[in-house]
Amino acid sequence: MRRQLQTIVLCLSTIISARAQSGYGKIDTLLNAYASVHKFNGTALVTQDHKTVYEKSFGYQDAVTKKLNTSNSIYPVGSLTKPFTALVILKLVEENKLSLTDPVSKFIPDYPRGSQIQLKHLLTHTAGIYEPLRNPKYLEQVVADHAFKPAEVMGFFKNEPLDFEPGSKFSYSNSGYDLLGVIIEKVTRLPYSAAVSKYIFGPLQMKKSGFNFQKLQDDNKVTNYAYLSPTRQAEVKIWNSNLTYSSGALYSTAGDLLKFYEGLSSFKIVSEQTLEQATNPLLGHYGYGWFLDVIHGDRVIDHGGNIPGATSYFLFSPEHQTCIILLNNITSTTLEKTGKSMYAALRNKPYSIPKPQQEIKLGEKALLRYTGFFEVSANYKLEISQEADKLFMRINNGDKVKLLAESENRFFINDEDMALEFISKDDKIVQLKIKQGLATKIADKI
């Protein structure tokens, strides 16, 4: 009987190991594919049933010194800050220090239309508050070294008119979450960072997380890149943590974010009832600090972060006890897709593997229609020219760059994170859409 039991245990262990190895292999193949096309450079951590089934780092922490990313690398995580801000607000609700229906005017009496904007509107991106990323002056200041105070952060949106009536629409809002940070400070009488430490970092022993990435002195601190390949390294200055504040200033490690997940799932931060309330989808499939998505029929709770030079993605499934953590020190617009593909792989569902961009040949006559001059603004003009069967682009008075056709109207540049799409109307080219990193610009043909 004992031998039979040993045999059964051995068989079960072999089956479990095979399944884990299968999941590991699929994820590893997927991430290697993204890394090979320069769309993954960082750390991945995956757990199932609260056991780590995949942990691996890719690429350089610092390309100049050739220092590799590791599981200890510290990354800015951008908008992954928002769930932390939301959880502090919800904890204060549990402590009866505020209510989700409290108006902003209760905490900031002179806030325009503050009596109509409730905390729940800020949490769910339904307040209609102006988004400062639309303001060119904000974009200039976001890389400045100035130590912005919360009142200065509010100054970029406080006196702007609302985009819509509070509660009527969903529109993703950094300013709404910055306003929540101001309210947290007023209620707790602590700096925002200290309040997050009190309610989340401290209880969960998240010792490698914080908010002032620029001032961080640590050998594991990553260097940030707009684009990184073996032949090109475009380093970028990280955004000012004082200005991104409670909507996007957090930095962390994969290990600390795993502690965050364990704290969430064991209800050490907020109660089970509160977490259920926070992860109930409302307008825009957003709850209180979380997106609520469905992958092949499975409900998942997730949030990403994306600023120039730093990208993050965090997904968990309470039903399947799965957590996926992805941190990159490059600009990326594909990390959320990567994470969702990893989840699909774990669940033995279909997913796609990225492939290198392939050039197709277009005839000289077909290319001729794309030539001409295009203008984004007085300070951003492009010339598209043709030489035999190739197109070239010149921005302002810069050098000519060869464009490679990916389809009839879409082009890319070798070893560059830029894509161009020609837009036609009545069979004539009228505009050029330029995607570079996180930015999209539209140039009119002149």
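Figures for the structure shown
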| read-out | value |
| --- | --- |
| Residue in region 200-207 that is in the same structural domain as LEU327 (by TED's automatic domain parsing), crowded, with 17+ Cβ neighbours inside 10 Å and touching a strand residue (DSSP E or B) at 6+ places or on another chain (Cβ under 9 Å) present | yes |
| Residues of region 113-137 that turn out to be over 17 Å from VAL182 (Cβ atoms), at pLDDT below 95 and either in contact with a Pro (Cβ under 7 Å, 6 or more places away or on another chain) or not in a loop (DSSP other than H, G, I, E, B) (or both), as a count | 4 |
| Qualifying residue in region 153-160 (condition: surrounded by fewer than 18 Cβ atoms within 10 Å (Cβ to Cβ), in a loop (DSSP other than H, G, I, E, B) and free of Cβ contacts under 8 Å to residues at least 24 places away in the same chain) | yes |
| Filtered residues of region 231-273 (kept if closer than 20 Å to THR43 by Cβ and assigned to a helix (DSSP H, G or I)) | GLY248, ALA254, GLY255, ASP256, LEU257, LEU258, LYS259, PHE260, TYR261, GLU262, GLY263, LEU264 |
| Residues of region 384-403 satisfying the condition of being of a type outside the set (Lys, Arg) and either touching a residue at least 12 places away in the same chain (Cβ under 8 Å) or under 14 Å from MET418 (Cα atoms) (or both) | ILE384, SER385, GLN386, ALA388, ASP389, LEU391, PHE392, MET393, ILE395, ASN396, VAL401, LEU403 |
| Residue within region 355-374 that is under 31 Å from the mean Cα position of the chain (by Cα), among the aliphatic types (A, V, I, L, M) and at negative phi present | no |
| Single condition LEU45 does not satisfy, out of (1) over 22 Å from PRO318 (Cα atoms); (2) buried (at least 22 other Cβ atoms within 10 Å of the Cβ) | (1) |
| Matching residues in region 256-276 - criterion: being in contact (Cβ under 8 Å) with a residue 40 or more places away in the chain and surrounded by fewer than 18 Cβ atoms within 10 Å (Cβ to Cβ) | GLU262, SER265, LYS268, SER271, THR274 |
| Criterion violated by LYS186 - all others in (1) closer than 30 Å to LYS66 by Cα; (2) outside any loop (DSSP other than H, G, I, E, B); (3) modelled with pLDDT of 95 or more satisfied | (1) |
| Residue ranges of strands (runs of 3 or more DSSP E) in region 357-409 with at least 1 members assigned by TED's automatic domain parsing to the domain that holds LYS433, among the basic types (Lys, Arg) and at pLDDT 90 or above | 380-387, 390-395, 401-405 |
| Region 415-440, residues that are touching a Lys or Arg at 6+ places or on another chain (Cβ under 9 Å), at pLDDT 90 or above and either of a type in the set (Asp, Glu) or farther than 21 Å from THR311 by Cα (or both) | LEU420, GLU421, PHE422, ILE423, SER424, LYS428, ILE429, VAL430, GLN431, LEU432, LYS433 |
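The values are calculated or read from the model by the stated rules, or taken from the named source; none is laboratory data. Everything numeric here is computed off the predicted structure, so don't read it as measured data. Every residue, glycine as well, gets a Cβ built from its backbone with ideal geometry; the counts of neighbours run over all protein chains shown.
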